[in-house]
């Protein structure tokens, strides 16, 4: 051991919350924070804690990344999604465990051959990580992350699952949703754009139904969710491959209805449906006055440049994670709902999204260092002990609720 040295790759919005959480632990040694935004001239001036070692880093420089990884006991990866698999591969090469809030695969990839090649590369990486005795803890943020943890716990309430509807969403509290799109950004703007053009798969009547990337906001693929916490219903849209998760959870043979969803305030679907079908969310560059411009990058720049799409100091966002499972326990029809609803902390100024992504990756890294995460190779969120994880979240003001009732047989979300 090198003294519980953490390498944090990325110092964006979620990275700031992660670092603050790490520094609250007396067992953490130095934290090397690497980010492309740091200036060459003594970036340490911005940090008060002497344990912070800031480094200017271009994540495309594999040698520089490897050099930093070899100085650490665990790596936290908080870079844009396209770096997740690359950083995991480098961590295996450096023989150091890594925690990521992202998928190792590209959820927006629509080329089946590329998806197959990616799956093969990840399977090979798992074997390599196992052989060198390290843990690659992926999908350990909010969504993916907390949704999977709550989902697994909810499924444990049943003997046989017939319906499983999972929600992972971030949106403004009602009084902060006053701009034209009723949404404000708490993470990468280009990441939001790309998440709005993503193919999905749901299960209906036991059959897998594919939803095209530009059809996720179509009315037939939307449903409304009414929660007592809010005066208005939420629009919900499929945003992920639910069949993949059904197989991972071991329920594909019994499941009849399943979906993974994001939630937004009413009106979202109508706006983004037009944007998607008109090509505004395409990543393929077009020629504009002789310059090549990707429509999704243009949209990200346009929305991101306007103050109205960012939170004021007194405004809060909401992070919602909800697992709704229905089936049978000892022959009785039951419905179990596990939910986390978190709000921005106006004292620390950390948004709910920062709290539910930055804090979990910090917890994951600390649990790897303490030996509480024992699985080697590529590990998912359910490899972390549930009760201990919830205990750590509770210390940070993030709690879950559980409600179990008789199921009326309705499988619809």
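Derivation of every value follows stated rules applied to the coordinates shown; laboratory data play no part. Computed from a prediction, not measured in an experiment: that's the story for all the values here. Here Cβ is always computed from backbone atoms with ideal geometry, including for glycine, and neighbour counts include all displayed protein chains.
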Taking the Cβ-Cβ separation of residue 219 and residue 375 as r and a Förster radius of 41 Å, what is the calculated FRET efficiency to the nearest 0.05? 0.45
Pick from 224, 69, 216: which residue has the top mean-square fluctuation in a GNM of the chain where Cα pairs under 10 Å get a spring? 224
Picking from 239, 106, 226, which is most flexible by a Gaussian network model of the chain using Cα springs under 10 Å? 226
Which value in nm describes the separation of the simple spin-label points at residue 288 and residue 271, placed 7 Å from the Cα toward the beta carbon? 1.9
Listed residues 24, 375, 93; largest mean-square fluctuation, Gaussian network over the chain with Cα springs below 10 Å, found at 24
Between residue 388 and residue 120, how many nm apart are label points set 7 Å from Cα along the C-beta direction? 3.7
How long is the gain from residue 181 to residue 37 if the chain were fully straight, where each residue apart is worth 0.36 nm and the alpha carbon distance is subtracted? 48.9 nm
Cα-Cα pairs above 18 Å in the range 6-137: how many percent? 55
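Please work out the FRET efficiency for the pair residue 330 and residue 56, using the Cβ-Cβ distance as r and a Förster radius of 56 Å; give the result to the nearest 0.05.
0.40
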So I have (i) 5, 21, 28, 26, 17, 4, 0; (ii) 4, 21, 32, 28, 12, 2, 0; (iii) 5, 21, 28, 21, 13, 7, 3, 1, 0, 0, and one of them is P(r) over Cα pairs in 10 Å bins from 0, in percent calculated from this model. Which one is it? (ii)
